[in-house]
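Reading through the C-alpha cells given below for one structure.
The values are calculated or read from the model by the stated rules, or taken from the named source; none is laboratory data. Given the structure is predicted, the values throughout are model-derived calculations rather than measurements. Using ideal geometry, Cβ is built from the backbone for each residue, glycine included, and neighbour counts are taken over all protein chains shown.
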Amino acid sequence: MKHWREICVQPSTRIIKALEIIDHGAEQIALVVDEGYRLLGTVTDGDIRRGILRGISLEDSVAKVMNVTPTVAKDSQSHHDILKQMKAKRLHQIPVLEDSGHVVGVRFLNDFLQTGSDEHWVILMAGGLGTRLRPLTNDLPKALLPVGDKPLLEHIINQFAEQGFHRFFISLHYKADMVFDLLGDGSKLGVQISYLHEQQQLGTAGALGLLPERPTNTFLVMNADLVTQVNFSQLLAFHKEQQATATMCVQQYDFQVPYGVIQLDGCRVAKIDEKPTQSFFVNAGICAFEPSVLDYVNVGEHLDMPALFTKLMHSAEPVSAFAVREQWLDIGRKADYQKAQEEFSSANILSRK
C-alpha cells in the first residue's frame, strides 16, 4: 500500500491527475488536502463519474467533484469502531484524522476483513445475427470476429478474468456450435463457462430467463460485441454505493447537426446556431443487476434491455447510470469494426490493464 501522502492532491489539481492516483493504486481514493495536510474532501471514481453525468470535464479541478463532507474516523477510535463505521456507511476506505482535522492515515476494509468468496457472475450476450456486419458474419458469429490476434469474445473473457471474474454464462443462437467449439467449458482460459441456448432470438435481456439457477450476488451483463476498458470492479462498487437494483453503463455521444439551427420567436428569427453539437448519454451495453431483477424476466419471453429497465423503473426500483470514461467501441457496424481493428493494431487496447 502506498503511503497516504502519495494519494493526496490539492483542490486545484486537475481531475484527470486525480484519476491516475485512483486508477493506478489499490487505494481507489484521492485525499484533497491543504498545504498542511488538513483534509478538505475526498475524491473517488464514483464522484468523478457522477461529475461526468453533470457535464464536468476531466480537465476541471477536483474541487468541482470532491466530496466536501466525507465520512472520517478519528485516530483515537478503536479498530472495532472504525470497522463498524465503515460497514454502516458501505465504505471501502476511510481517512483517519487528528482532532485538528489533519490527516494521519487511511484505513481500508481489507485491512480488517479476510478476502472470502465473493463471486459475481458475468453474462455475455452473443446470440445476435450480426446483420449489419455481413458478409463478415456470413461464416462467423459476430462475437468471434477477429480483433488483433484473437476472436473478440476471447479478448472480452480474458479482460474479465484479469479483473478477477471467473464464472461466465454466454447466450448463443446464431452459429452457436462455433462458439462452443472454440471456448468449450472455459478451462483453457482459466475460467468456467456455461451456455444459454436461445432456440429463438430472445432480445438483449431475454436470455436472462434461461439461467439454470438464481445468482446469489450482483451479476454483470454485457453485449459480446464491445471493445472496452471499463473497470468492472469500479462498476460494482458504484452500483453498491448507489444501492441500486440495476445500473446501466452510459456513454457520452456527441452529434453535430450539419446545418444551421434556427430558433424562432413566432415568425421572426431569434437566433441562428451554425452546426451546433448536441451531447447525449446512450446505453453502453453493460449492466450490473441484483438477483431480484430476474423477477421481471419471463422464461422464453423476448425482452430487450431498454424494456427491462422500463419495467424496473415503472416498479419504482432504484435504477442508476454509470458514466463510462474509459475507451469504448461498439463493433456492430463495419466502420466501427474497422476502427476497432485499427486502434488495436496501433495501441493494443484490449491487452492493456
Original post:
Looking at the stretch 144-156, which of its residues are farther than 26 Å from L303 by Cα, touching a residue at least 12 places away in the same chain (Cβ under 8 Å) and assigned to a loop (DSSP other than H, G, I, E, B)?
Top reply: G148
**OP:** For I16, indicate whether it is in a helix (DSSP H, G or I) and outside the structural domain of Y253 (by TED's automatic domain parsing).
**Re:** yes
Original post:
Exactly one of (1) under 13 Å from M222 (Cβ atoms); (2) part of a helix (DSSP H, G or I); (3) free of Cβ contacts under 8 Å to residues at least 60 places away in the same chain is unmet by Q159. Its number?
Top reply: (3)
Original post:
Can you name the residue in the stretch 164-194 that is among the aromatic types (F, W, Y) and more than 23 Å from the chain's Cα centre (by Cα) and is also farthest from G128 (Cα to Cα) among such residues?
Top reply: F180
**OP:** Give just the number: which of (1) farther than 28 Å from D34 by Cα; (2) in a loop (DSSP other than H, G, I, E, B); (3) modelled with pLDDT under 90 does S76 not satisfy?
**Re:** (1)
Subject >> Qualifying positions in the stretch 49-59 - without any contact (Cβ under 8 Å) to a residue 60 or more places away in the chain and in a helix (DSSP H, G or I) >> reply: G51
Subject >> Whichever residue in the stretch 171-198 is hydroxyl-bearing (S, T, Y) and not in a helix (DSSP H, G or I) and, among such residues, is surrounded by the most Cβ atoms within 10 Å (Cβ to Cβ) >> reply: S171
Subject >> Residue identified as closer than 24 Å to L182 by Cβ, in contact with a helix residue (DSSP H, G or I) (Cβ under 7 Å, 6 or more places away or on another chain) and not basic (K, R) among V122, V62 >> reply: V122
Original post:
What do you reckon, is Q201 of a type outside the set (A, V, I, L, M) and part of a strand (DSSP E or B)?
Top reply: no
**OP:** Please specify each residue of the stretch 211-239 satisfying the condition of being in contact (Cβ under 8 Å) with a residue 24 or more places away in the chain, more than 30 Å from Q341 (Cβ to Cβ) and in a loop (DSSP other than H, G, I, E, B).
**Re:** L211, R214, P215, T216, N217, T218
**OP:** Out of the residues in the stretch 199-221 that are of a type in the set (A, V, I, L, M) and buried (at least 22 other Cβ atoms within 10 Å of the Cβ), state the one that is farthest from F168 (Cα to Cα).
**Re:** L202
Original post:
How about the stretch 143-168: which of its residues are surrounded by fewer than 16 Cβ atoms within 10 Å (Cβ to Cβ) and of a type in the set (D, E)?
Top reply: D149, E162
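Residues are listed down the side, and each one gets a yes or a no for (1) surrounded by fewer than 13 Cβ atoms within 10 Å (Cβ to Cβ); (2) part of a loop (DSSP other than H, G, I, E, B); (3) at pLDDT 90 or above:
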| site | (1), (2), (3) |
| --- | --- |
| L31 | no, no, yes |
| L39 | no, no, yes |
| T42 | no, no, yes |
| D47 | no, no, yes |
| A88 | yes, no, no |
| D111 | no, no, no |
| Q114 | yes, yes, no |
| S117 | yes, yes, no |
